[in-house]
Structures are given as C-alpha cells and as structure tokens.
Amino acid sequence: MEDRAPTARPEPSEFPGLPDPSDAEDGVTYRDPDFDQDHNARWGRTLADALTTIEADVAAHRPDVLCVMIGINDLLHPITAEDMEQRLSSYVNAAREANPEIRVLFAEALPITLADQDQGFALRVYVYNELVRSVAADLSTEESPVASFDLAAAESWDPYTDTYDGTHPNDDGEIKIAAGFADALSREFGLGPAHARPLPIRP
C-alpha cells in the first residue's frame, strides 16, 4: 500500500519476533511474500483466540496503541451477545494486564456478502457492532482510553467492490482500511494527521 500513497508516509512500526506466517500450522502464507508481516493479524483468527494471547503479545512487543478489527470469524456460527461482550471485555482487560496505559482503537466489523444470504449472520454482525461501541465506551478510562469507529460508514465500504472474495479486502479495500484507521487515530488519540484525500483507489 505504501507505494500507492499520494505522499510520503512514515515507515511502519516493527514487531520483531512475531512468527513467520510461512511457519504457521495451517500452512497459510501471503499471496505477496513482500507484504509487510510485522503485525499481529492472523488468517481466520477469532476474538476468542486473540484474547488468549494478547497479554503475552503486548508484554513482548510493548505497543502503545492497539488497532483492532476482529470478531467477524466468531460470528460465522451462532453465538450469544453476552459471549461476544465478554470476549471484547476480556481482550481489553488482558492487554491492560501487560500495559495498564494501553490505548485501544476498535473498528466495527465490516460487512461481508454472506450477510445478504444469511439473515442470522447479518443480525449477529449488527448486534456485535453495537457491542463494540458500548464496550469501548464502558471500558475507556483516562489512563487507558478505548475508542471505536464505524469504518464501513467512514469509507463507504462495499464488500462487492472492496474485497476480492466478498470478505477479504482487495487493494482498494486495504487502502480504505488504512485510511480509516489513520483518520480515527488522529481524531481519537491525536496521533498523526488524517489520511490524504482523495484516496488513490479506482473510481
């Protein structure tokens, strides 16, 4: 994405020591081997899984801010709102165990085309995004602020044009996600400027 930005951007933060995706047990590797792999994202990961490792990850890599967009995989099968609320809260609290001053920025789950065929899934996504907003507001403190934002609305997200398979972002989708987080980090935490507009995506 960096070479498509209209202006020079800072180098991404490094997270040394994270496992190489090529060594993953599921055998999943990046389609583009040169894509930046210094991050904590994992293919198919659930919030249920992430909350069990985030304390150790924060302790090991000492981030000041967590940019989080997760949960859609938990919603593929029936689950209660109470369970998802507990997972969100546990994720934030686990991160705080390693860094009591951690700042957390949640993006609401993006729509995927499955919602057009599965009303139950669509309802779970709607309820989950309501929970993201309420949990962020409830858990935010002066010492460790937690914020959320609606990336889909902010970037006019369309799963039919911003993904390559109805779920996973294509090049344009990746730019929209990066821009949405950049804007939210600037707005919520005063970190850096908003992303330059218009975005360098196909009309």
For a quick check: sort W157, W43 by the number of other beta carbons within 10 angstrom, fewest at the front.
W43, W157
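Quick check for me: using +1 on Lys/Arg Cβ and -1 on Asp/Glu Cβ, what's the dipole size of segment 112-203 about its Cα centre, in debye to the nearest 20?
On the way: 6 positive and 16 negative charges, 34 e Å.
Here the size comes out at about 160 debye.
What is the dipole size for segment 41-189, taken about its Cα centre, with +1 at each Lys and Arg Cβ and -1 at each Asp and Glu Cβ, in debye to the nearest 20? Intermediate results must be reported in sequence, preceding the final value.
Working: 10 positive and 27 negative charges, 49 e Å.
Here segment 41-189 has a charge dipole of around 240 debye.
Classify segment 27-122: rounded, prolate or oblate, from the alpha-carbon gyration tensor (a ≥ b ≥ c, eigenvalue square roots; a/c under 1.5 rounded; otherwise prolate if a/b is larger than b/c)? Each step should come with its number before you reach the end.
On the way: a/c = 2.23, a/b = 1.24, b/c = 1.79.
Here segment 27-122 falls in the oblate category.
Quick one: net charge around D158, please, counting Lys, Arg +1 and Asp, Glu -1 for every other residue with C-beta under 10 Å from its C-beta.
Values: positive: K176; negative: E155, D162, D172.
It works out to a net charge of -2.
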Charge context of F149, other residues only, Cβ under 11 angstrom, K/R +1, D/E -1:
-3
Of V58, T46, S144, whose Cα points farthest to the positive end of the dipole of segment 41-189 (charges on the beta-carbon: +1 Lys, Arg; -1 Asp, Glu; origin at the Cα centre)?
V58
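Bear in mind that the values in this text are calculations on the coordinates, not laboratory data. Remember, predicted model here, so these are calculated numbers, not experimental data. We place every Cβ from the backbone using ideal geometry, glycine too, and count neighbours over all the protein chains shown.
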